Amino acid sequence: MVSVVTQRGRLILTRRELSWGCTPPIIQPLGQGCHYIEVLNTVICVSCKHNTRGQHCQLCKLGYHRNASAELDDENVCIECNCNPFGSVSDRCNGTGFCICKEGTTGPKCQECLPGYLWDDGCKSRVCDNELQRCQNGGVCVNNVRCNCPAAYTGLQCEKRRCESELGGCGGPDSGQAPLTTPSSPRLLLLLLLGSALLREASCWPTVL
């Protein structure tokens, strides 16, 4: 017989009833002892060892996965996931040790890049290569992952004029580019008169057959 003391007195549990329990050396070697929860009428393990957790110390801690080749009392029963901090979504993995990878990343620990991506504290999409994907408007390709654009241009490949996103557009006073100007009224009148005179003169020229 095994006794578990509760607040109301003594609850007697048989060895068979604790066959799923954790009190060493009866059944589960991963726990340091049992604790009876009267409200739930159940016994749980306390102070699980070797990076285990759960009611019966039957699960691995978050960030660890089960070592299928190790016995329950082996100190290596749960192995750390070791997910790459730059390539993985979190430090957790599945039951076989595979981590959840970010976009463009692959491998058991999310430590490799898919084709079209380059490693730069994580996998980043290839932006330029000075061959097929060139930076525009005088931009310089940096490590194949970004274009270093001249001051007047922006965009992934320096394809946009920076003034397009500024107040007033590319003709505004703060755009750094000269605004389009229209001829003044006297100049416009002079141009119209000259054009009219040229048309009249052309109409008087003899027709060449």
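Suppose R0 equals 45 Å. What FRET efficiency, 1/(1 + (r/R0)^6) with r the Cβ-Cβ distance, do Asn94 and Val39 give to the nearest 0.05?
0.85
To make sure I understand the rule: partners must be aspartates and glutamates, Cα under 13 Å from the Cα of Lys109, and not fewer than 8 residues away in the same chain. Which ones qualify?
Reachable aspartates and glutamates: Glu80, Asp91.
So which lysines pass the test for Lys49, namely a Cα distance under 22 Å, with those fewer than 8 places away in the same chain ruled out?
Of all the lysines, those that pass the test against Lys49 - Cα under 22 Å, at least 8 places apart if same chain - are Lys61.
How do Ile37, Ile44 line up, fewest other C-beta atoms within 10 Å first?
Ordered by Cβ neighbours within 10 Å, fewest first: Ile37, Ile44.
Enumerate the lysines that Lys160 could reach by cross-link, defined here as Cα to Cα under 30 Å, with residues fewer than 8 away along the same chain left out.
Correct list for Lys160: Lys102, Lys124.
Give me the net charge for the shell around Gly97: Cβ to Cβ below 15 angstrom, other residues only, Lys and Arg +1, Asp and Glu -1.
So the surrounding residues net to +2.
For segment 33-72, what is the largest minus smallest coordinate of the Cα atoms on each principal axis, given in angstrom and ordered from greatest to least?
36, 19, 14
How large is the Rg to Rh ratio of segment 61-125 when both quantities use alpha carbon positions and Rh follows Kirkwood?
Result: Rg/Rh = 1.10.
Values quoted throughout were computed directly from the atomic coordinates according to the rules given, and no laboratory measurement underlies them. No experiment lies behind these values; they were computed from the predicted model shown. For neighbour counting, all protein chains shown are included, and Cβ atoms are generated from backbone atoms with ideal geometry for every residue, glycine included.
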